[in-house]
Amino acid sequence: MNQIYQKNLRLLEDINPGIKQKILNTDYSNKIEYISDPFPNIKIDKKTLHSRINPITEAENLIKNINVDKIEETVFLFLGLGMGYHIKLFIERFGNRIKSDHIIVIEKKSIILKLLIENLDASFLKNVTLFLDEEAKTLENYFSSIDLIEFGGYRVIKLPEAVGLASNYYLSIERIFKDILSSKLSDIITRFSFETLWLRNAIKNIPNLLYSSPINSLKGLGQYSSALVVGAGPSLLDQLGIIKPLSEKLFVISVDTSLPVLLKSGIKPDIVVTLDGQFHSLFDFTYLFTNKDINSKMPVLVYDLFAHPGIIKAFKLNSFFTGSLNVLKNSEGNQTYIDNPIIHQIKNRVLNFDSLPCGGSVLTTGLELALYMNFSKVILVGADLSYTSYKTHVNSSPLYSNALILTNRLSTITSKSVEIISKRKIFSLKSIKSKDVLTDYVLVNYKNWTEDQNRYSENIINASEDGVRISNLKYTTLEKILEKLLPAKPKIKKSKKLVSKEVLHEFLSGLRNDMNSLINLIEKKNFTFENAYKTAPYLYYILLESKKVLGEKNKIENYLYNLAVYLKKIIKKSLYHLNR
């Protein structure tokens, strides 16, 4: 064993012992061999991985036209390692400006890395994140773990001959990488536009805490009972007839979008869950609010503090509040949960309460609520996560009804739905019925999130009539559930007043003082991100996202100044409603 090989093996032991073990287990190949003349190279049949004439010039061409202005925020994916000429040159030029976890090198063939470390100094690999013949799921977890705030773009650099040795593998990895990171870029802009809405709604909802209770009061209430969680997928329509008799035995948790569908079928859910803070979420409750017979038997509302305040006001004492935990996934796929900064602030300064993990959809919040209430069995319906029968939602849902208004003889509801669906990045997956069904990346993200929750497989049963298959959930039919003897469903007691008007007044007044201080910082030209964060730590994400989206300091200052003025007005209104 030569000295270079020994040194490089020690390096791999430090970087990733698993990769070292793969190298030790790798046999030599007659088709792939190392050559040293005229330059160190790898020969495959009659071809070489690098240029025979000048591999350095080839490496120069591979890494040219890199935008050095934003290089610190860019994630680089190198497909194919070879002898590493292009990667070594890249690190020499830019390595001091980029974190090693933003330089990702993927090599499919273990023999290529083995030949490299036997013959050349591989110390440059300590400056990269190296994956060797790794499964797609592991790489997907790593790409997903890239910090949204530290990320500003990506670039893929391919070593052509190396990629050609396993083209399907590399194409698959490149697609996963681009899908995830494109989604992250979109998420930064989306979050930036929504953070202000969420913050505004949280402030507007502070007076509602006089009437609502935290969901802590519901914890464990479902023990020894079973719950039915109802989504708004298109296939729900086929199950309404059997859900009605089941609703007498099962505790029904409805997402807001499916609420009017259930009510029109004579099914009153025990709980309705609302998450969305946008104005259009009010339409989910219009049927309930405008029908007196139904209105007199209101279901219990469980709402996120970012939900639209207009909904919560109508429920008053018949409501419970929570927050949504952001789910962070590390490179191993393990999950941690954190609160939004303003929710953290409310817990510290007003009242401590439990938050629920959120997979980005109100349906996942409904499932989490059922598990939080400790139901022995949770049956899921309406979880199509697909465009079943070329529909986006179940008939009679507000989204379906709004589309129906726009129809005429020449433009049917089906053509309208197809028009909406065709604007999305759609593809097909196998359904529960083993047929192809259309879905998109957003819906599949919800599917993937559900499949990542190992605890779901123990208690949750999918009884949806159609839609994509969720691999970690068992399947059954509602007819089989109806045949079983089910225990009585639990009763929910009305929420109790747990927080005083004085505490809420003090909290809102503190927020107003923070906004005055932020305005003062900007007016006196003392603005820095550190000062702004110390003044209002709940603006953490807004501060970071504004830096990403707006870029220039004067634009950021103008935005934050106007935001502080706007939030002062919202706080003033909340104080008025609190003291009425």
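The values are calculated or read from the model by the stated rules, or taken from the named source; none is laboratory data. These numbers were taken from a predicted model, which means no experiment stands behind them. Cβ coordinates were reconstructed from backbone atoms using ideal geometry, including for glycine residues, and neighbour counts include every protein chain displayed.
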Could you tell me whether G366 is assigned to a loop (DSSP other than H, G, I, E, B) and either of a type outside the set (V, I, T) or not assigned by the TED database to the domain that holds I542 (or both)? no
Which residues, counting only those in region 26-43, are of a type in the set (S, T, N, Q) and touching a residue at least 40 places away in the same chain (Cβ under 8 Å)? T26, S29, S36, N41
List the residue pairs whose Cβ atoms are under 7 Å apart, where the first residue sits in region 529-540 and is touching a residue at least 40 places away in the same chain (Cβ under 8 Å), the second is of a type in the set (S, T, Y) and part of a helix (DSSP H, G or I), and the two are 6 or more positions apart or on different chains. Y540/Y533
V75 fails exactly one of the following numbered conditions: (1) in contact (Cβ under 8 Å) with a residue 40 or more places away in the chain; (2) hydrophobic (A, V, I, L, M, F, W, C); (3) in a helix (DSSP H, G or I). What is the number of that condition? (3)
Taking into account only those residues within region 542-580 that are of a type in the set (F, W, Y) and either touching a strand residue (DSSP E or B) at 6+ places or on another chain (Cβ under 6 Å) or more than 18 Å from I189 (Cα to Cα) (or both), which is surrounded by the fewest Cβ atoms within 10 Å (Cβ to Cβ)? Y576
For region 1-52, what are the residues that are in contact with a Pro (Cβ under 8 Å, 6 or more places away or on another chain) and either of a type in the set (A, V, I, L, M) or part of a strand (DSSP E or B) (or both)? Y34, N41
Got at least one residue in region 72-84 being in the same structural domain as F151 (by the TED database) and surrounded by fewer than 19 Cβ atoms within 10 Å (Cβ to Cβ)? yes
Residue set L482, L504; condition assigned to a helix (DSSP H, G or I) and modelled with pLDDT under 85; output residue L482
What pairs can you find where one residue is in region 429-441 and within 15 Å of S389 (Cβ to Cβ) and of a type in the set (F, W, Y), the other is in a strand (DSSP E or B) and modelled with pLDDT under 90, and their Cβ atoms are less than 6 Å apart, with a gap of 6+ or different chains? none
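Residue by residue, here is whether (1) β-branched (V, I, T); (2) surrounded by fewer than 13 Cβ atoms within 10 Å (Cβ to Cβ); (3) farther than 30 Å from Q223 by Cα holds:
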{"site": "E419", "(1), (2), (3)": "no, yes, yes"}
{"site": "I432", "(1), (2), (3)": "yes, no, no"}
{"site": "L438", "(1), (2), (3)": "no, no, yes"}
{"site": "L443", "(1), (2), (3)": "no, no, yes"}
{"site": "I461", "(1), (2), (3)": "yes, no, no"}
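Quick check: anything in region 315-331 in a helix (DSSP H, G or I) and buried (at least 16 other Cβ atoms within 10 Å of the Cβ)?
yes
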Need pairs with beta-carbon distance below 9 Å; first residue assigned by the TED database to the domain that holds I32 and within region 166-184, second among the hydroxyl-bearing types (S, T, Y) and not in a helix (DSSP H, G or I); sequence gap 6+ or separate chains. F177/Y154; K178/Y154; L181/Y154; S182/Y154; K184/Y154
Is at least one residue of region 409-430 in a loop (DSSP other than H, G, I, E, B) and at pLDDT 90 or above? no
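Of everything in region 32-43, what is surrounded by 10 or more Cβ atoms within 10 Å (Cβ to Cβ) and among the charged types (D, E, K, R)? Give them in sequence order.
Across region 32-43, the qualifying residues are E33, K43.
From the list K46, K20, pick out the single residue that is surrounded by fewer than 11 Cβ atoms within 10 Å (Cβ to Cβ) and free of Cβ contacts under 8 Å to residues at least 40 places away in the same chain.
Values: K20 fails: surrounded by fewer than 11 Cβ atoms within 10 Å (Cβ to Cβ).
Answer to the selection: K46.
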